[in-house]
Structures are given as structure tokens and as C-alpha cells.
Amino acid sequence: MTDDTKVNRGSGITEMRKRIAGLRTRLERLLLWRVWERMLEIEFVDRSVALAGKAFVSFFPFVIVVAAFVPERIRSSIITSLTARLGIRGDALTLAREAFASSDDIRKATGVLGLLLTIFFATSFTTALQRVYLRTWRRPPRHTGAGAYWRGAVWLLVALVCLALLGGLRGALGGGLGFGLFAIVALVVTSGQWWFTAWFLLQGEVRARVLVPTGVITSIVTAGYAASATVWMPGVVTSNQAQFGFFGVALALVTWFSGAAICILIGACAGPVLAEDTGRVGTLIRGGESGTLTAGARPSLPPPDRELGLRDAFHSAEDG
């Protein structure tokens, strides 16, 4: 190999590296890239697994148990809304209902003490959810105590009210043009629910205005996921039940909750990225103000001091 050949090859490699560096620089300016980096920062794979696990073992049983204690009309609205979100219909819906006890059996087996314990354990899901928002907004961790439980109970009540409201509206508006109206109303209600979730679990330290994108994006992404679930979820429930019985139905639910957790993380990470943007998008979201925090809020934690990679998504999350 001649010296000229070595020089040409070396210059070609240098040029390629420059192009790659330039491409990366342009990508880093994109909001989507910054959302991805924020997801890596919060270790989104492990955090989504933790969130999905808490949802399955605490939040889902909470909905089923509490629904058994409320009046029939409200119970029907909650179950209608829940099954619609899960995407379960037809034979799969029949199999899922057969896998769980009836409302009368649940009331007899649970009792008032069991109901209170169910609510208490369900707050572990809201604690995991709160950690997601604290991490995405780089907020200092909060000390756990009695406040965590009452905040969790309030959030659970809001979630149940939203499920009952949407289930009742779905039944009242029906199909056709009514379904289109329901879709719009549902988007508004769920956007408000996720906006409230972020504001409430961040304990009011982040300005309410800048949390609007978090609510809207989470609502849109979860609605799209729920719509896609109507295509694949019935088949998953049916096939899993045929192979594993009741355990198969549980596996199908875990699969759904895992996807839903990713959707929540996307909305949670997109919110601060958009609000902190130095361009026109961020200026619009912040209303012309420079900060995203309320007066008297504790300072935010610093960003990572190194470049993040895909392996960071798999680091052990604190949720457990």
C-alpha cells in the first residue's frame, strides 16, 4: 500500500467521521431526539417494567374490587371504560370475565377491611407514577410519609371518576356520529386527567401551564395504544387462555400494561423537553416566561454529566 493510498484512506475516514458528527449535531437539535435522551435518562425500560408491574398487582385489583362495592350503574360504566381501554371484546371479553369472580363474590370475600387494604396497597402504583414525573422533571426526591398515601388515595379516586364518566358517556352516545363526539370528549377528559396527574404528583412545584403538553401528549398516545389494542389484544387473550387458562389471561393483561407504561413515559418525558425548549415552542408553552417552576420551588437537579446510550435504559430503577 503506497503512502498516497494511506493518506486518501485516512482522509476518507476523517471526512466520514465529520459527516457522522454533523448528522448527530443536527439530530440533537430535534425535539424528538431530546425526548429520547430524556427517556434514556430516566432508565425507561426498567421504569416501565416497574410501573406496569405495580399497575397489574395494585391498581388493576383496586379497580375490580372497588367496582364491586359501588352501585350497579357506576360499576357497569367503570367496567365498560376499562374493557374498552384494554381492547378486549367478543369471545376474549367473555373469557376475561369468566377468569374473575362476580361482584357478589368479591364483596363477600373482601369485606370493608379488605377494601381499605386494597386502597392502601394501590397507592404503591401512584408512588411509582410520582417517581416517573419527579425523574422526568429532574425534581429532588420527596420524603415518603402520610402525604404519599393521601395523595395516592386522591389520585385513585380521580382515576375512578374518570373511568365511570367515560364509561357512562360511551354508553349514552353509542356509535356513529355519537362515537365521534365521544372520542373528542374522551380526549379532553383524559388530557385533563393526565395534566392533573402531573401537577398533583409534582406537588405543584411545576407551573400548571407548562404541564398542558404532558396531559395532551399522554392522552393522545394512550388513546392510540388503546385503539391498536382492539386489533391484537383479543387474539392474545384467546390464545393465552387456551394455553395457560387463567394465568394466560393474566399474561395478556401484563402485556397490555407494559405497553401502556411506555405510553405514559413518552408523555412524561415529552412534557419537560417541550417546556424547556429555547425556541418558539418552549416560549409558547411557558407563556413568554423563562422558568417552568413555581415561586418557592426547590431547584431542579442537574442533567447527566455524560453522554447517554441505550444501555442506560436498562439500569436498575429505584421503584423495585
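So, in the range 225-261, exactly how many residues are farther than 22 Å from Ala183 by Cα and in a helix (DSSP H, G or I)?
Total meeting the criteria: 21.
Only one residue in Leu187, Leu181 is under 30 Å from Val35 (Cβ atoms) and open to solvent by 30 Å² or more (accessible area, probe 1.4 Å), so which one is that?
One residue alone meets the criteria, Leu187.
Give Arg19, Arg34, Arg47, Arg38 a once-over and let me know the one that is at pLDDT below 90 and assigned to a helix (DSSP H, G or I).
On inspection, the qualifying residue turns out to be Arg19.
Does the range 57-64 include one or more residues that are modelled with pLDDT of 65 or more and either of a type in the set (S, T, N, Q) or in a loop (DSSP other than H, G, I, E, B) (or both)?
yes
May I ask you to say which residue of Trp199, Trp194 is within 15 Å of the chain's Cα centre (by Cα), open to solvent by 40 Å² or more (accessible area, probe 1.4 Å) and within 21 Å of Thr294 (Cα to Cα)?
Criteria check complete, one pass: Trp199.
Among the candidates Ala183, Ala198, single out the residue that is part of a helix (DSSP H, G or I) and without any contact (Cβ under 8 Å) to a residue 60 or more places away in the chain.
Ala183
The values are calculated or read from the model by the stated rules, or taken from the named source; none is laboratory data. What you are looking at is a predicted structure, and each value in this text was computed from that prediction instead of being measured. No Cβ is skipped: glycine too gets one built from the backbone with ideal geometry, and neighbour counts run over all protein chains shown. Ligands, DNA and RNA are excluded from the accessible area calculation, which covers all protein heavy atoms including side chains. Shrake-Rupley method; radii C 1.70, N 1.55, O 1.52, S 1.80 Å.
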